[in-house]
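**Student:** Starting off with a structure, shown below.
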Amino acid sequence: MIGDAGYSVVSPPERHISVTSHEIVEVFRGRMGSADRLKFQDFCKLVEATAQFEYLDVRRRIKRNFRLFSLGAKGEEFTARLGRNLPRKTEIVEREIRFISDFVELMKTAHYQILTEKEWDMATAEEFQLTMPVAVNWKFLDNKMLTRFWNEKPAYSEGLAPLSDKILVFHRGVGVTKLKGLFVSEKIDLLVKYLIVDPVWSLGRYLIGRGVGEKKNVATDGNNEARTEGDGDGFRHKNVSVVQRRTLRRALPTPKDVIKKFHRQVEIQEPRFKDIVVLYRKAKHKPMDMVNPSKATLSLAKRNIFIKLFEDIPMADLELIFPEKRVFITPLTLIQLGITVVIAIITAITTLMGTDLAMAVVLPALAIVLGRVAQVYSQLEQERAQMTTTMATMLYNKTRDSQEGAVFTLLDEMAEQHFKEAVMAYALLLLSKDPLDQATLDDECETFLEEHFGVKIDFAIEGSLPRLVTDGLVEVDERTGGLTPVDLDTAVEILTEKWHKCFANMGDLNENASFLRSSIIMGDGVGDLGRKTIGVMSSGLKGLRNKLMGMSKKVRNEEER
């Protein structure tokens, strides 16, 4: 699986179900009899409706808190009821920390992972489509907001990339991006690096000191494999993702290879993040469309928060997602400019010394040489402008959404993910002839997605099953750990009662709602039908989840003995 040119990037399998809800439901309906199809359709409608209410309080709180900071980003006036002013500084800070905390939990629930130091080192170790050096302007980003948050939540910050005090980068899913072409200018640059830049760089390190200018190496497992971060068990999963990293430098590792394949097409490839979300604050933010802003508006602008969604970003081009970047010159252009300047100086000295040529001859000669210098410099600026345009085009094509649109998209994805996980787990239990334990059900869900849609993921059974049991849709045999679903008629009754309770409790915002027990409808359990299952519901979802996992392990150990 590992090629002879390059190493592989290994990442845990994706947990997000990218298949649409409609497609999943249609497959299950096709496997049921005509009498059950309508009942199952009603079941799905109720699951989808109640899923929207599961996180109702959290959704309301996230929208309410983000509105304040989004107004600051846009430079819009804060409007409130008559007699009320902008919240006090302490209240704004509290809402800021609560919003970021909720947002981090939202990312986890939607199966995003936060960028780690190891992943950042892997990303910056290579070049792909951004062939000119690109540097991020870190001074453009505020570091007080996230530093304050990490101080409040120190457990979250372990192992994160150094940039996490300025910007939060979340990613989900790993794919591969391939390019094929001659890459003539890139090959010339690479040849210059091999023959001139690298030897000079090595000599400079030797003369100044071995530790100076040394690039940070990306740690591998000794098998030419670099790992992204994630759940340790994820790397042992059957659907682990392995993508070979084959940049131009790895495809042509020596000057001889560059010369040999100079006129041949070369195929390069790079792992890409399928989805990326960033959250940051600008350090000195003043929206351009602000005209005679009030003091309150300027104060709120300092509290700006920006959220953006991107898709299909190559790992080596991760600098693309940052808001402020600077393009530098390539080694080839720098050498061309240097040689031209040196020639101009030498020509001027040799011409003016020891000669009696008239100035009418000398000045045009110098003008020609200096014109060449100006031409090289103009070419440099043109290349930088072209790269800037290319980056802007790439960013436009790869941006999915921003601000409120991004938040609403993520909240909808969270509810839809809950719906798909619950429907799949219940339907597969319903179609099974015998009870299944948690591990077997998890495998069945993964096999279903792979057989019908070609999607390989690590199904999050630990998130969906406890809710099904708590709602009374699935019964658990405490002795064997076997899972048995209630029939469709009973399931529809349970969910109908739950829906009525949802509707009755659409009241004031619950500031203490969490992602685990997100809505007030979860606090008192379900109705009488839901209490017929087992006596573990009172322990809450977390305790139930641990109990299910413990029973599953106990059954497997007994089978092994």
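**Student:** Rounding to the nearest 20 debye, state how big the charge dipole of segment 44-200 is about its Cα centre with +1 on each Lys and Arg Cβ and -1 on each Asp and Glu Cβ.
**Tutor:** 860
**Student:** How many Å² of accessible area per residue for segment 31-133, probe 1.4 Å? Present the calculation step by step, with values, prior to reporting the outcome.
**Tutor:** On the way: 4750 Å² over 103 residues.
Dividing the accessible area of segment 31-133 by its residue count gives 46 Å².
**Student:** In Å³ and rounded to a whole number, note down the convex hull volume per residue for the Cα atoms of segment 1-123. Provide the component values of the computation, followed by the final result.
**Tutor:** On the way: hull volume 25.6 nm³, N = 123.
Convex hull volume per residue, Cα atoms: 208 Å³.
**Student:** Anything over 23 Å Cα to Cα? Flag those among 139/187; 284/325; 39/501; 108/420, in the order listed. Mind showing how you got there, number by number?
**Tutor:** Values: 139/187 33 Å; 284/325 16 Å; 39/501 21 Å; 108/420 17 Å.
With Cα atoms farther than 23 Å apart: 139/187.
**Student:** How much accessible area per residue does segment 236-304 have, counting only protein heavy atoms and a probe of 1.4 Å, in square angstrom?
**Tutor:** Dividing the accessible area of segment 236-304 by its residue count gives 57 Å².
**Student:** How high is the FRET efficiency from residue 389 to residue 34, r the C-beta distance, R0 45 Å, rounded to 0.05?
**Tutor:** 0.15
**Student:** Given 136, 55, 90, which one lies farthest toward the positive end of the charge dipole of segment 1-141, if we put +1 on the Cβ of every Lys and Arg and -1 on the Cβ of every Asp and Glu?
**Tutor:** 90
**Student:** With unit charges on the beta carbons (Lys and Arg positive, Asp and Glu negative) and the dipole taken about the Cα centre of segment 419-494, which residue among 449, 472, 485 sits farthest to the positive side?
**Tutor:** In segment 419-494, that residue is 449.
**Student:** Could I ask something else about it? If you place +1 on the Cβ of every Lys and Arg, -1 on the Cβ of every Asp and Glu, and leave all else neutral, what size is the dipole of segment 158-197 about its Cα centre, to the nearest 20 Debye?
**Tutor:** 260
**Student:** Determine the alpha carbon to alpha carbon distance for each of 153/286; 180/456; 63/144; 180/256; 118/178; 45/118 and list only those over 31 Å. Write down the numbers at each step before the final one.
**Tutor:** Numbers: 153/286 29 Å; 180/456 27 Å; 63/144 23 Å; 180/256 20 Å; 118/178 23 Å; 45/118 43 Å.
Distance filter (> 31 Å) returns 45/118.
The values are calculated or read from the model by the stated rules, or taken from the named source; none is laboratory data. Just so we're clear, the structure is a prediction, and the values are computed from it rather than from any experiment. Please note: Cβ atoms are built from the backbone with ideal geometry, for glycine as well, and neighbour counts cover all protein chains shown. To get the accessible areas, we keep the full protein, side chains included, count just its heavy atoms, and leave off ligands, DNA and RNA. Shrake-Rupley method; radii C 1.70, N 1.55, O 1.52, S 1.80 Å.
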